[in-house]
Structure formats: structure tokens, C-alpha cells
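Take a look at the structure set out below.
The values are calculated or read from the model by the stated rules, or taken from the named source; none is laboratory data. These numbers come from a predicted model, not from an experiment. For neighbour counting, all protein chains shown are included, and Cβ atoms are generated from backbone atoms with ideal geometry for every residue, glycine included.
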Amino acid sequence: MVSVHKILISFFDYVSSKFYRGQSHTRKKDIPTSEVARWFKDKGDQMLRLDYPLLDSNSIVFDVGGYVGDFANKIHQKYDCKVYVFEPHPKFFKKCVKRFKNNEKIIPLNFGLAHESGEFQISDSADSSSFFNPPKIEKGGISCEVREFFGVIEELEVSFINLMKVNIEGGEYSLLEHIIDTKRVNVVSEYQIQFHDFIDNAVKRRNGVAEGLVTTHERTWCYEFVWENWKSKPHKTHWQ
């Protein structure tokens, strides 16, 4: 098991934002307001985030950062796909378990996905949930688990993911960098990603992820630091 502090460094500032998760927090920076306005004008939540016509009842979807399962529920209702919901926070995980108890095709899992396995401490305040800075373990913090991505898909016996939605409040960088570094980007056909700008070098790291994805995938739509989608290029399937 990797140390708590090591995982904390990679996942610091895990927060549940008002805009994306229905709760409030303080961001170090603000996403471009023009991009947010454009997203709402284009009805992105209704017109883009659920528009995956290649999905069907045989498809596998990973909802990484599932919260209370809203995306999982909507994408399953539309395409009857199988959805794995990764939510490390026990409170939100329990809500998913209760919500989907009668649906065998939506599977909540009480851990997050990361570049390596370990634990982290998360706060549980009334208006936000956030990783503590490494030296600071506060009273009342909740211990949560993350697991290494490829170990998880091997354990689940999943060889190909049709769609992976990633909204893990800053942890997306290390996860996607890990997938790129292993040269197994095409284990996922489409990536729906929410990049966050409140971490150090966010723009540089986002650009680095894009450079890693572009060899096998193409960006099909993009609202900078809001949501963007990457789809595998023709004739590029499964493993590289």
C-alpha cells in the first residue's frame, strides 16, 4: 500500500464544486467564463455529454468520479449500457448503492481510479469535500481508497471500455498521464474529461495530456476547463 502522503500529493485539492457537483468550494483559479457561457448556450449537458450513438446494451462505461450516480443513470437509461461507478467517498457511494440496488447493469465501487493504489484522507464538511494538504490530517477526516487503473480493469475482466467519463477534481492529470505513459490509451474508445484549473501547472499538464491522446484519439468537442471529449481515430481499436 502506497503511503497516504504520496497519494495526497497526487490528489490534493479534491473538491466537490457547486457547478459540477452541487456543492460549493473555493477555486484557486476560475474557468473561463466565456467557456461556461458557451457550454450552457450549447446545452452541453443535454446535447453533448449523453450523445454517444455507438453505445448499446453490450457497451462498457466507466464513470470515474460518480458522485451520486446522475451521469451513470442517464447514460444507462439512454443506451442500456453497463456502467461501473467509481466513487471513493463512502457517503456518496452508499447513495449509489441504494439508488441502483435493483439494477444489475450499474455497479457502484467504493474506490477511485488513479495512477497507483493507496489511501487518502478526505474532509466531510457541510458544504465541501476536499483532500487535506499532505502535512495536515484533520480530526474527523474520512479515509478513502484509490486503486491503480490497469489493475482494476484486469480484476473486473474488462478488456475494452467504450466510454470513460473522468471528473475527479484534479486527479485526472495523474490518471491520464499514467494511461498515456503505459501506451495503452486505446483501452478506452472515448474519453469524456473535465480538466480542473485549480492545481499548479494545469494548462501545461492539460496540454501534455492532449499531446499524449492525439496520436490515437481526436478531440471531437471542447469547452476549455469545462468538458471535452476525445474519440479514438478510425482503425485504432483496443490496445495500441
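Residue check: Gly171 meets all listed conditions (1) in contact with a strand residue (DSSP E or B) (Cβ under 7 Å, 6 or more places away or on another chain); (2) modelled with pLDDT of 95 or more but one, namely (2). Hey, does the range 190-209 have a residue that's of a type outside the set (Phe, Trp, Tyr) and under 17 Å from Ser159 (Cα atoms)? For the range 190-209, residues of a type outside the set (Phe, Trp, Tyr) and under 17 Å from Ser159 (Cα atoms): present.
Just to be sure, is Val83 modelled with pLDDT of 95 or more, of a type outside the set (Lys, Arg), within 19 Å of the chain's Cα centre (by Cα) and surrounded by 15 or more Cβ atoms within 10 Å (Cβ to Cβ)? I'd like the intermediate steps shown before the answer.
Values: modelled with pLDDT of 95 or more: yes; of a type outside the set (Lys, Arg): yes; within 19 Å of the chain's Cα centre (by Cα): yes; surrounded by 15 or more Cβ atoms within 10 Å (Cβ to Cβ): yes.
Here the answer is yes, as Val83 does meet what is asked.
Each residue in the range 45-97 was checked for being out of contact with any Phe, Trp or Tyr (no Cβ under 7 Å at 6 or more places or on another chain), among the hydrophobic types (A, V, I, L, M, F, W, C) and assigned to a loop (DSSP other than H, G, I, E, B), and 3 pass. Filter the range 184-200 down to residues that are over 17 Å from Ala114 (Cα atoms) and at pLDDT below 95 and give me whichever is surrounded by the most Cβ atoms within 10 Å (Cβ to Cβ). Applying the filter and picking the extreme gives Phe198. Taken together, the residues in the range 66-94 that are in contact with a Gly (Cβ under 7 Å, 6 or more places away or on another chain) and not hydrophobic (A, V, I, L, M, F, W, C) amount to 2.
Scan the range 205-227 for residues that are among the aliphatic types (A, V, I, L, M) and either surrounded by 15 or more Cβ atoms within 10 Å (Cβ to Cβ) or not in a loop (DSSP other than H, G, I, E, B) (or both) and jot them down. Even if it seems obvious, please write down each step before you answer.
Start the filter on the range 205-227 by keeping residues that are among the aliphatic types (A, V, I, L, M), which leaves 209-210, 213-214, 226.
If the condition is that a residue be among the aliphatic types (A, V, I, L, M) and either surrounded by 15 or more Cβ atoms within 10 Å (Cβ to Cβ) or not in a loop (DSSP other than H, G, I, E, B) (or both), then Val209, Ala210, Leu213, Val226 are the ones that fit.
Listed by first and then second residue, the pairs with beta-carbon distance under 9 Å, at least 6 apart or on different chains, first residue in the range 160-181 and among the polar types (S, T, N, Q), second part of a helix (DSSP H, G or I) and modelled with pLDDT under 95, are Asn167/Tyr20; Asn167/Arg21; Ser174/Ser10; Ser174/Phe11. The listed residues are Leu109, Leu55, and the only one of them that is crowded, with 20+ Cβ neighbours inside 10 Å, touching a residue at least 60 places away in the same chain (Cβ under 8 Å) and either in contact with a Pro (Cβ under 6 Å, 6 or more places away or on another chain) or not aromatic (Phe, Trp, Tyr) (or both) turns out to be Leu55. Scoring Asp181 on the criteria (1) at pLDDT 95 or above; (2) within 16 Å of the chain's Cα centre (by Cα) leaves a single failure, condition (2).
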